[in-house]
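Any read-out appearing in this document is the output of simple, stated calculations on the displayed coordinates, not a laboratory observation. A quick note: this is a predicted structure, and the numbers were derived from the prediction, not measured.
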Amino acid sequence: MTTPQHLSDRYEVGEILGSVAARAFDADRGRCLVYDPARELLWAAAEDAGMERAESPAVGLVSFVLRTGAAVCLPQLGDDPRFDREADNPGGSPADRFLAVP
């Protein structure tokens, strides 16, 4: 199965931006999420090449950053009551450090 070019480009750009963010902040990993107002979803390239993740913009710290335009930096992600494991840190730990910028 082939991936349409426009989707392939989105995956590549998302992976590149996540990788650049991880290197810039000396992080284990980074993700780039994009808000799709037509579908009302936060979209990101998934860990598996050629896949995508879509999250509700109504839950978690990432949606807080989207709604407010405020950056969030936490030494331990799980300590924040807005934390949602699936939206904010899929595959990670609540003990992870967290940085999100609009």
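A few points about this structure:
- Remark: region 83-94, residue by residue, has Karplus-estimated 3J(HN,Hα) of 4, 10, 3, 5, 7, 9, 8, x, x, x, 10, x Hz, where x stands for each Gly or Pro and the curve is 6.51 cos²θ - 1.76 cosθ + 1.60 at θ = phi - 60°.
- Database remark: amide H of residue 52 closer than 5 angstrom to the amide H of 46 (H placed geometrically; neighbours at sequence offset of 5 or more, or on other chains; Pro and chain starts carry no H).
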